[in-house]
Amino acid sequence: AQSVTQLDSQVPVFEEAPVELRCNYSSSVSVYLFWYVQYPNQGLQLLLKYLSGSTLVKGINGFEAEFNKSQTSFHLRKPSVHISDTAEYFCAVAPTGFQKLVFGTGTRLLVSP
Amino acid sequence: GAGVSQSPRYKVAKRGQDVALRCDPISGHVSLFWYQQALGQGPEFLTYFQNEAQLDKSGLPSDRFFAERPEGSVSTLKIQRTQQEDSAVYLCASSLVSTGGIGNSPLHFGNGTRLTVT
């Protein structure tokens, strides 16, 4: 079975500051890793994914994440946030070769001027 | 074309009522998923279809929950005798292919149906 831990339920940050949203996972098999964003009253939108290869993956809206196998982490970063980045961010894993996603509980990013 | 469409967007049901939630996936998408997202939580897997076949229903919380996709396109999630703990947002997602896992074909999510049971 897989599990995902997002320790920070809420991260407040000022506009144009850098941000890191933490994600740790547990799995006995190899997994794919994902970050999704959810704006109010909307569905989930894929930010980026790690399947294999380079451990640093770049996504949409200037976000990037780094896969660290030894620490079983997949932290999301952005060097300079905008007000429009205010949303809920979910880390998720899926066993390779399968389609079922397991999500973390989410981190609310609050960007203020 | 259009994305994944879910209806209704909001549903209020009295405890004990039956409800039906509809999902129109992207045309041609083989795989379809239902997730339940309780307030302040991440989505949790309910069930998965490949065309009309329900291949995994391990996430359905009780036998009051039933999902179908009879013609391999539109899907309906039915909840019988709703309880207050059923209050949540129900998300539907679809993907183009079924082989090779989610790495080969990203999931496209609908905006969800918010169910409130009073």
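Report, by residue number, each residue of the stretch B:25-60 that is in contact (Cβ under 8 Å) with a residue 24 or more places away in the chain, open to solvent by 40 Å² or more (accessible area, probe 1.4 Å) and either under 12 Å from the mean Cα position of the chain (by Cα) or more than 14 Å from every other protein chain (Cβ to nearest Cβ) (or both). Hits for the stretch B:25-60 are B:SER27, B:GLY28. Selection within the stretch B:72-97: residues that are at pLDDT below 95 and not small (Gly, Ala, Ser). The member of this set that is least open to solvent (accessible area, probe 1.4 Å) is B:VAL97.
The values are calculated or read from the model by the stated rules, or taken from the named source; none is laboratory data. What you see is a predicted model, and the numbers here were worked out from it, not measured in a lab. All Cβ positions, glycine included, derive from the backbone under ideal geometry; neighbour counts span all protein chains shown. Accessible surface areas use protein heavy atoms only, side chains included; no ligands, DNA or RNA. Shrake-Rupley method; radii C 1.70, N 1.55, O 1.52, S 1.80 Å.
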